[in-house]
Amino acid sequence: MLDMELSRSSRAPALCAAVAGASATAGWLDPVAGYLSPVIVVLFTLFLGRSFGRLAAGFASLGIVGATLSAHSLALSASSIVHSAIAIVAVWICAEIVSRRPLQPGSTVRLKDHPFDLPIDQLSRFIWSRTGDGQLEYVSQSILDYSGRTFDELRRLFTLTHPDDVGIPVAAFARAQETGEAQEYQCRYLSAAGSYEWFAAVLHTQRDRHNRPIRVYGMHWNINKQKRQEEQLRRRNQTLETMNELCPGHMWAALPDGSIEYLNSSLRDYIGNADAPPCEAYFAAIHPDDVAAYDAHWNVLKAGGDPGELEIRMRSTDDAYRWFLYHVKAVSDEGGQLLRWVGVGWDIHDRKSAESRLRTKEEAYRRIVDCVPACVCVGNPDGELVYVNKVGVAALGKPIDDIIGERWMAFIHPDDADFARSQWKAHIAARKPVDVTVRMQQHDGVYRWQHLLAEPLLDDNGDVINWYLIGIEIDEAIKAQEALTAREHQLREITETIPGMIWCTDPQGQPTYVNRRTRDYTGVEVSDLVDLGYQKSIHPDDWDDMIRAFTHAIESGEPYSHVTRLRRKDGTYRWHQQTGEPMRDANGNIVQWYGLSLDIDEPKRAEDRLRQTQAKLARATRIATVAELSASIAHELNQPLTSVIANAQACRRWLGASPPNLPEAKASVDSLIRDARSADETMQSIRALFKRQTFQKRERNVKDMVLEAVRLLREDETKRSAEIDFDFPDDLPPVFVDQIQIQQVLINLISNGIEATENTGRPPTIRIAASAQDEQSVVLEVVDNGSGIRETDSIFDPFVTTKTKGMGIGLAVSRSIVEAHEGRISASNNAGFGATFRVVLPVGPYSLPQQAVEAG
């Protein structure tokens with residue numbers, strides 16, 4: 001139907017234009033034809049809706065104008081214009097009035113851009129959606145057909161729900177909004193025929209990225225037939241519980257109308273009242289509560305039906321009531337004419353009492369079995385199920401008739417079905433206990449792992465009386481085992497791929513495991529390492545120290561840490577940091593040693609080279625007082641070398657931690673390599689400075705350059721306590737400098753400012769400010785709170801210093817660097833105490849004018 005409407009709607013504009021155009025043309029030829037346009041508008045609005053009605057009204061208005069012009073041949077009068085205007089207004093009024101007609105019963109309100117697609121209306125399920133605040137947003141056509149209501153009529157919440165069930169869907173909707181979890185429930189809904197039918201429902205909640213409910217979707221399906229089947233099943237069980245065996249007892253005869261005409265002596269002796277007529281005596285002995293049942297029994301007999309047996313209580317001569325079972329037969333003549341009824345009754349009072357006790361006991365056992373948190377079943381000698389407890393029925397979600405017999409095997413997963421059937425039949429035939437694990441489909445359609453155990457009950461001859469089966473859900477345990485296996489595999493893969501060599505030994509130090517990286521590095525397996533087999537992997541010069549440290553750790557239980565050279569499979573020795581930790585049991589006994597070997601060859605060699613360089617620089621410093629070049633090299637390299645050594649020492653501390661802190665060690669190694677490169681670049685820059693070579697000048701961000709210099713400075717422990725403040729504007733232009741050279745100048749100025757406060761009693765405070773002096777230069781100011789400058793004119797001369805241990809070359813080198821960058825440096829005392837050093841740097845590849853320096 002919707003496709004027809006869409007097709008019709010797509011053709012409507014063209015149809016409106018064609019008909020209205022024809023109307024206008026007709027108006028030029030015949031004025032009467034032009035005035036037929038309102039009729040056309042009404043028809044279009046009625047069948048195609050307001051939008052197309054308005055479109056037709058527009059074209060129809062043109063038709064009316066055409067009719068007017070045709071009738072008066074361009075000689076328009078006031079009356080003709082008024083008539084045309086009235087006709088046009090009438091056309092539009094018709095279009096509006098007709099378009100406002102009420103919705104036809106059963107029509108459906110649809111929302112634009114609704115998330116459901118059209119095929120939902122073709123499903124047999126009842127589907128709807130509500131917004132986060134509970135407003136009904138969508139219902140499928142199946143709901144409208146079932147209820148006989150329109151969409152607007154259904155917008156009120158749960159109007160079709162049975163009065164006794166209203167709270168069920170309301171609570172489920174609230175839980176769905178609150179928890180976001182799927183909700184299931186059952187309740188009765190009113191149909192268009194006026195009867196209530198049972199439905200099962202499931203709710204799902206859609207949430208936004210803030211976890212707030214924005215829409216709730218619901219789906220219902222009819223389970224009325226299932227409910228009727230359950231009721232029939234209950235009635236059948238009640239009938240089976242009331243069946244009894246035929247026992248001998250009283251005899252009587254009755255006329256076709258049910259009047260008792262004869263009582264045997266046994267019955268007379270039991271009820272007494274010998275002088276009363278048989279019918280009166282018999283009816284007087286029936287228990288008052290059983291009279292209705294007796295009358296109903298006779299009504300069935302007289303109607304020609306088969307009433308079965310009748311159990312009633314009869315009063316004895318001692319006024320005690322006992323239960324009797326009566327069986328009635330009809331006696332007819334040869335022509336089939338009913339002559340009389342003959343009944344026989346047996347005393348079943350003892351049996352009834354025993355049945356009551358047994359029923360009470362059986363009900364107690366049944367409640368116990370039904371409460372067992374597992375599926376409990378009983379099977380006949382052939383292995384066919386005859387009973388399933390409530391837990392099993394609920395788990396499978398099917399009526400018991402769909403489970404008993406061999407039908408329960410249909411719930412087994414297809415991949416497990418053949419194996420389960422063969423195992424079941426083989427063990428049943430061999431009368432052996434069954435123990436099998438299979439996946440079975442549950443009430444929600446999901447397959448879950450079940451552990452099925454079955455035991456036979458044997459008689460004295462060894463024959464099977466019954467099979468008793470219990471099914472325990474182990475799905476969570478299976479999944480936990482699978483997760484544990486996956487976790488174990490993941491941990492093994494982590495161990496195998498971790499960027500370090502991992503090894504394990506027993507408490508005596510015998511290797512028990514090495515990871516893949518260890519095997520790849522050494523080229524040997526763990527079996528080759530036992531009984532000191534790992535000696536061939538240790539550098540001969542390191543063996544004695546290593547085995548002494550390892551033996552001490554094994555004997556004392558203390559953590560093991562040692563630096564040694566390990567032989568690679570190609571014969572190359574590389575430095576490794578080895579650490580080991582013992583794992584202890586609850587009693588503190590060592591059960592395993594876990595070790596890690598990290599390759600520190602590059603940091604170790606870099607540390608050695610830096611140590612050698614530092615030694616050489618120390619010697620050069622002692623003899624460099626006569627040469628500005630040697631002194632400046634030692635001075636400028638001191639800071640980056642201090643950072644390198646500090647990071648190398650930090651790396652060793654992280655590796656020597658228990659357990660080793662690999663991420664921090666890696667960060668320290670990265671910093672060490674970076675500072676080593678910085679030292680190298682500093683050396684190259686100083687060499688270029690004094691050889692008058694070209695600097696590596698580029699545009700540099702002032703803020704980043706200053707912050708990096710401060711970071712290098714703080715690697716020195718004596719400089720860390722100083723308070724350093726910054727003042728950088730956001731629009732500061734970049735400077736055109738060699739970053740390493742200018743950072744050395746900044747480090748020198750900041751260090752001097754910190755050292756200037758040593759004898760003042762004031763904590764060192766440094767303020768670094770930057771500003772654009774003009775379009776061609778940027779000025780950097782380093783302001784300290786020290787003792788100030790005594791000789792401002794000669795402060796930048798070589799070998800001029802105010803420090804007791806100073807060499808007087810730092811500021812001289814700084815001036816050389818700044819001037820080599822076409823910049824200027826100056827110093828002045830502050831008002832009160834402290835000094836200010838100003839460095840003016842160019843923002844482009846050109847020289848600064850002299851007035852820029854003087855203005856500073």
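Here, each number is a calculation from the coordinates, and none is a lab measurement. A quick note: this is a predicted structure, and the numbers were derived from the prediction, not measured. Using ideal geometry, Cβ is built from the backbone for each residue, glycine included, and neighbour counts are taken over all protein chains shown.
The packing ranking, built from the mean of other Cβ atoms within 10 Å per residue, places the peptides 731-741, 316-326, 556-566 in the order 731-741, 556-566, 316-326, highest first.
What you get for segment 181-232, charging only the Cβ of Lys and Arg (+1) and of Asp and Glu (-1), is a dipole of about 220 debye around the Cα centre. Label point of Val530 set 7 angstrom out along Cα-Cβ; within segment 495-518, amide nitrogens under 16 Å from it belong to 504-514.
In terms of distances greater than 22 angstrom between alpha carbons, the cross-link table entries Lys604/Lys666; Lys425/Lys479; Lys569/Lys666; Lys302/Lys329; Lys361/Lys390; Lys390/Lys432 yield Lys425/Lys479; Lys569/Lys666; Lys390/Lys432. The mean sequence separation of alpha-carbon pairs under 8 Å and at least six residues apart, normalised by the residue count of segment 372-479, gives a relative contact order of 27 percent. Model label sites at Asn273 and Glu781, defined 7 Å from Cα along the beta-carbon direction, differ in position by 12.8 nm.
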